[in-house]
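Here the structure is laid out as structure tokens; the discussion comes afterwards.
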Amino acid sequence: MFENLSERLGGVFDRLTKQGALSEEDVKTALREVRVALLEADVSLPVARDFVKKVQEQATGQAVTKSVTPGQQVVKIVHDALIDVLRGEGDPGALKVDNPPAPILMVGLQGSGKTTTTGKLAKRLKEKDGKRVLLASLDVYRPAAMDQLAVLGQQIGVDTLPIVPGQKPVDIAKRAKQQAVMGGYDVYMLDTAGRLQIDEVLMQEVEDVRDVVSPRETLLVVDGLTGQVAVEVAEEFDNKIGISGVVLTRMDGDGRGGAALSMRAVTGKPIKYVGLGEKMDALETFEPDRIAGRILGMGDIVALVEKAQETIEAEQAERMMKRFTKGQFNMNDLKMQLEQMLKMGGMEGIMGMMPGMGKMAKQVQDAGFDDSIIKRQIALIQSMTKKERANPALLQASRKKRIAAGAGQQVSDLNKLLKMHRQMADMMKKMGKMGKGKMMKQAMK
Ligand code: GDP
């Protein structure tokens, strides 16, 4: 039905086969297509526009990985950015169901899949989390809805609150709470009535129920196929009732999942689950990377770029190790190591990560050894010529003076750096000679 984004981009990028950094023009061309793809996937216009703008800034100037095209690279960047937006904080599937009995309020429009989802979630809580669950239908307008929940309960082996004809929703909620306390249930779930559209009476009713039970979770069930409408519904429910999360149903259909992106961007609420069918076990926790792949329709390209990046990194690391073990550890290598240290949060960061080293990190800092020292060492290396960096043996007195002065430091500072470099080079050479096997034995002694 939809033209695949990879097909769409294919034409544009056939001529962009050069390597190197992504130019602003490359990125713009690619993102124009990405924007159309987002709109086709039912992402709302303002959300698509904001998103593309953010990616544009991020992507321009980024290096293109060898063996992929700029277009493929842009897709990978877009994919990662989508995941960033889609991923909420913490564990998406985690529900607050401590302090038994924990009330869960299920809200949404009629036909969104609310009752089905209530059953699915109850089954999951029972089987995965070992919770004792009580279900209650508050849909007093459609007796069939109450029966539907009772049948579902029987099917999944979860208790339902006995139906008392003529009772009001708030009273049913109170009765459910009472029953949950007396019966020793961990969780009780209230399946509220839905309407075809949002109306005041319905909202008021849900508000009253909310005030009676103070739900630990208020989950909005929306039909993932309705796109923009789903987002509007979520905004309304959140403004009036306050929701803690969203369940997107019918994600097994051929919707492109754009609603998920708009939903997250507009409401800021986490998408906790997706419904993937009518059966009681067709409920999964929300996985941002799956939806991102679906919106773009090009998981293959993302995998390709990832693989290319990994291969290149592995090749680089291997080449470096080979040189080091032959004693070829030059100033460029040392600079890279120092920069790596800074990236990992400097001395303090590295030591803080090692168990028991937290205190020592503080001592090191108190002794005046901090990131500024690493930065000064890098400055010394930057003050060397290309030749000197590649071959530190060249460094005699006059050169040393020039380098130190260039970095605004003393020759003694440079000597310290050179000593450190020699020690590291020796150590790596030794490691190379010992080989892996011996090194292990040494470590076991
Ligand atoms: P409610 O009115 O919101 O309670 O909606 P129901 O739970 O009765 O669901 C309406 C219809 O949608 C039923 O036929 C369900 O089987 C179906 N349904 C619910 N969730 C899903 C889903 O994730 N995928 C599919 N394909 N159908 C679903």
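Where a number appears in this text, it was derived from the coordinates with a stated rule and is not lab data. Just so it is clear, the structure is predicted and the values come from calculations on it, not from any experiment. Note: ideal-geometry Cβ built from the backbone for every residue, glycine included; neighbour counts use all protein chains shown.
With a cut-off of 19 Å on the backbone N, the residues of region 221-254 near the modelled label site 7 Å out from Glu207 along Cα-Cβ are 233-244. Between Lys433 and Glu57, the distance separating the two model label sites (each 7 Å from Cα on the Cα→Cβ line) works out to 5.4 nm. Mind giving me the FRET efficiency for Glu284 and Asn415? R0 is 56 Å, r the Cβ-Cβ distance, nearest 0.05 is fine. E(calc), rounded to 0.05, equals 0.35. Listed peptides 405-415, 130-140, 43-53 appear in the order 130-140, 43-53, 405-415 once ranked by packing, highest mean of other Cβ atoms within 10 Å at the front.
In region 102-286, what % of DSSP beta bridges are antiparallel (nearest 5)?
Counting DSSP beta bridges with both partners in region 102-286, the antiparallel share is about 10 percent.
When only Cα pairs below 8 angstrom with a gap of at least 6 residues are kept, region 102-286 shows a relative contact order of 27 percent.
Fewest Cβ neighbours within 10 Å first, please rank Arg142, Arg250 accordingly. Spell out each step's value before the answer.
Numbers: Arg142 13, Arg250 19.
If I rank by nearby Cβ atoms, fewest first, I get Arg142, Arg250.
How high is the FRET efficiency from Gln382 to Leu45, r the C-beta distance, R0 35 Å, rounded to 0.05?
The value I calculate is 0.15.
Of the peptides 188-200, 264-276, 161-173, the order by per-residue mean of other Cβ atoms within 10 Å, starting with the highest, comes out as 264-276, 188-200, 161-173.
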